[in-house]
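Trainee: The structure under discussion is supplied below as structure tokens; questions concerning it will follow.
The values are calculated or read from the model by the stated rules, or taken from the named source; none is laboratory data. The structure presented is a predicted model; accordingly, all values stated were derived computationally and were not measured. Positions of Cβ are generated from backbone atoms using ideal geometry, with glycine treated the same way; all protein chains shown enter the neighbour counts.
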Amino acid sequence: MRKLLIPLMLLMSLILRGGDYAHYYQGLPVPLAEPAAPSIPDECVNLADYGAVPDGVTLCTDAFAAAVKALEKKGGGHLIVPAGIWLTGPVVLKDRMDLHLEKNAVILFSPDKSHFVRSDGKVAPGISVSKRKDVSITGQGIIDGNGEWWRAVKRSKVSDVEWKDYHRMGGTDAEGGSLWYPFGLNNYPDIAPDFKAQEKMRTHLVRFTDCERVQVSGVTIQNSPKFHLVPQRCRQVAIVGVTVRCPWNAQNGDGIDLMQSTDVLIADCTVDVGDDGICLKAGGGAAALKDGPTARVLVRGNTVFRAHGGFVVGSEFSGGLEDIVACDNVFSGTDTGLRFKSAPGRGGRSSNVWISRIYMSDIRDQAIVFETGYMNVSVGEKGSMEQTTEFMPDFCDIHISNVVCRDARIGISVSGAPGTVHDISLNDCTIFCSEKKLEQTDGNVLKMKDVRLLSH
């Protein structure tokens, strides 16, 4: 079996070195350079050789750590995860490593939250990569965050059957029975003194921080405690052919959240989640300025089903957005289609943003929405707007064309302080809406040409 794996991995490593992203970059309105692919050595280790048992019961955290250590000694390579259910705590990858999930492989993160609490008291992501180069996650397997053991649940968003299922786990009711928290569970310990403190400790499922040459391809990433896939302050990133999914009502269940990263490709992915689908952010306030903008990003050929927004900017983007292209994407069943949201104190400036050939159907609210008075309200908390004139949102230099939408409730919506939405062009769009064609506050102007807003 091992002899058969080596030629396969040699071939895969050649593909990784080669890139093969060039076809995504044809016919763009602005020149963007494709990201460099990670360089992964041909070495391979198999998780099963380090004491891991794929029975869904045996905790494999130490086995993952041992396999990563062995691969690190070899100078990097491929960590093979065979078919089976591999229950584990946090997994940390190093330089020049590929975590490869074979078909029918499931990395299932433990429902015991205490396994993720680090020595400094912070909570580790399921898979984390920090300050590394040449890292990838590939294959046909599944990465499952076991998020139901972490997330609060709103009574209004679940059926009677689901509500009873959550209570079989134990937990705590709050807000007069309108909220359930996974605090005081029957079989697993708490990691905070109360349910509100524990709610703030929810972690991401896969996070890359300050990394260079990153690839995620082929895998399914699902059921995160919070956001699913988070490249933060990374350079040269390719996310291709990935499926991201969780229940539609998962609190803060963002799909792909790109934060202050540059030279990024997000292509041919399928997203079906509980919050924003594909979201671009750039930090909030003065702290975001040192990390710079999210820049030179191509979002192409993706399909987003349930999500609060199909393609989203914000709410934090004080570092700015530059040279963004989103094209050839489909949104079916999202709450909103193109969603631009921010607020005083966390706004920034957008520049050279091009959006085209977007196809939407069954949109619950707005097909296109700009909101510069957005309040980010945590579950169980009351929202408030920061009273400041610093870091005001400045949505501008955005060019939207060839959008087709059937069955939105509202066609286009623009709201917020005067002057925070300007120099936005819409061309050759057809939007069929059931309730209102256009709602727009004073001082925020869209330039529209050949835009058809239709209704019954």
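Trainee: Which condition does residue 59 not pass, out of (1) under 19 Å from residue 217 (Cα atoms); (2) touching a residue at least 24 places away in the same chain (Cβ under 8 Å), if it passes all the others?
Mentor: With respect to (1) under 19 Å from residue 217 (Cα atoms); (2) touching a residue at least 24 places away in the same chain (Cβ under 8 Å), residue 59 is out only on (1).
Trainee: Okay, moving on. Here are some conditions: (1) of a type in the set (Asp, Glu); (2) under 11 Å from the mean Cα position of the chain (by Cα); (3) not in a loop (DSSP other than H, G, I, E, B). Residue 328 meets all but one. Which one does it not meet?
Mentor: (2)
Trainee: Please work out which one of (1) modelled with pLDDT of 95 or more; (2) within 23 Å of residue 324 (Cβ to Cβ) is the condition residue 453 fails and give its number.
Mentor: Checking residue 453 against (1) modelled with pLDDT of 95 or more; (2) within 23 Å of residue 324 (Cβ to Cβ), the one that fails is (2).
Trainee: Within the range 53-83, which residues are assigned to a strand (DSSP E or B) and touching a helix residue (DSSP H, G or I) at 6+ places or on another chain (Cβ under 8 Å)?
Mentor: Hits for the range 53-83 are 59, 77, 78, 79, 80, 81.
Trainee: Being basic (Lys, Arg) and in contact with a strand residue (DSSP E or B) (Cβ under 6 Å, 6 or more places away or on another chain), is that true of even one residue in the range 76-96? Even if it seems obvious, please write down each step before you answer.
Mentor: Initial filter on the range 76-96 (basic (Lys, Arg)): 94, 96.
With the extra rule that they be in contact with a strand residue (DSSP E or B) (Cβ under 6 Å, 6 or more places away or on another chain), the set shrinks to 96.
Checking the range 76-96: at least one residue is basic (Lys, Arg) and in contact with a strand residue (DSSP E or B) (Cβ under 6 Å, 6 or more places away or on another chain).
Trainee: Hey, among the residues in the range 441-450 that are modelled with pLDDT of 90 or more and among the hydrophobic types (A, V, I, L, M, F, W, C), which one's surrounded by the most Cβ atoms within 10 Å (Cβ to Cβ)?
Mentor: So the residue we want is 446.
Trainee: Continuing with the same structure: Would you pick out the residues in the range 289-309 that are touching a strand residue (DSSP E or B) at 6+ places or on another chain (Cβ under 9 Å) and over 23 Å from residue 332 (Cα atoms)?
Mentor: Matches in the range 289-309: 291, 292, 293, 294, 295, 296.
Trainee: Next question, about the same structure. Are there any strands (runs of 3 or more DSSP E) wholly within the range 133-210 with 2 or more residues that are under 30 Å from residue 42 (Cα atoms), and if so which?
Mentor: Qualifying strands (runs of 3 or more DSSP E): 133-139, 142-144, 206-209.
Yes or no, residue by residue, for (1) basic (Lys, Arg); (2) under 24 Å from the mean Cα position of the chain (by Cα); (3) within 26 Å of residue 281 (Cβ to Cβ); (4) assigned by TED's automatic domain parsing to the domain that holds residue 322:
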{"position": "363", "(1), (2), (3), (4)": "no, yes, yes, yes"}
{"position": "370", "(1), (2), (3), (4)": "no, yes, yes, yes"}
{"position": "386", "(1), (2), (3), (4)": "no, no, yes, yes"}
{"position": "403", "(1), (2), (3), (4)": "no, yes, yes, yes"}
{"position": "407", "(1), (2), (3), (4)": "no, no, no, yes"}
{"position": "428", "(1), (2), (3), (4)": "no, no, no, yes"}
{"position": "449", "(1), (2), (3), (4)": "yes, no, no, yes"}
{"position": "454", "(1), (2), (3), (4)": "no, no, no, yes"}
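Trainee: Scan the range 92-127 for residues that are within 21 Å of residue 148 (Cβ to Cβ) and either out of contact with any Gly (no Cβ under 8 Å at 6 or more places or on another chain) or in a loop (DSSP other than H, G, I, E, B) (or both) and jot them down.
Mentor: 110, 111, 112, 113, 114, 117, 123, 124, 125, 126, 127
Trainee: Then there is this: For the range 418-425, does any single residue satisfy the condition of being surrounded by fewer than 16 Cβ atoms within 10 Å (Cβ to Cβ), touching a Gly at 6+ places or on another chain (Cβ under 8 Å) and not basic (Lys, Arg)?
Mentor: Initial filter on the range 418-425 (surrounded by fewer than 16 Cβ atoms within 10 Å (Cβ to Cβ)): 418-419, 423, 425.
Checking which are touching a Gly at 6+ places or on another chain (Cβ under 8 Å) leaves us with 418-419.
So of that shortlist, the ones also not basic (Lys, Arg) come out as 418-419.
For the range 418-425, residues surrounded by fewer than 16 Cβ atoms within 10 Å (Cβ to Cβ), touching a Gly at 6+ places or on another chain (Cβ under 8 Å) and not basic (Lys, Arg): present.
Trainee: From the residues in the range 313-336 that are closer than 20 Å to residue 223 by Cα and of a type outside the set (Gly, Ala, Ser), which one is surrounded by the fewest Cβ atoms within 10 Å (Cβ to Cβ)?
Mentor: 335
Trainee: Now for a separate question. What are the residues in the range 233-269 that are closer than 20 Å to residue 36 by Cα and either in the same structural domain as residue 307 (by TED's automatic domain parsing) or outside any strand (DSSP E or B) (or both), if any?
Mentor: Passing the criteria: 233, 234, 241, 242, 260, 261, 268, 269.
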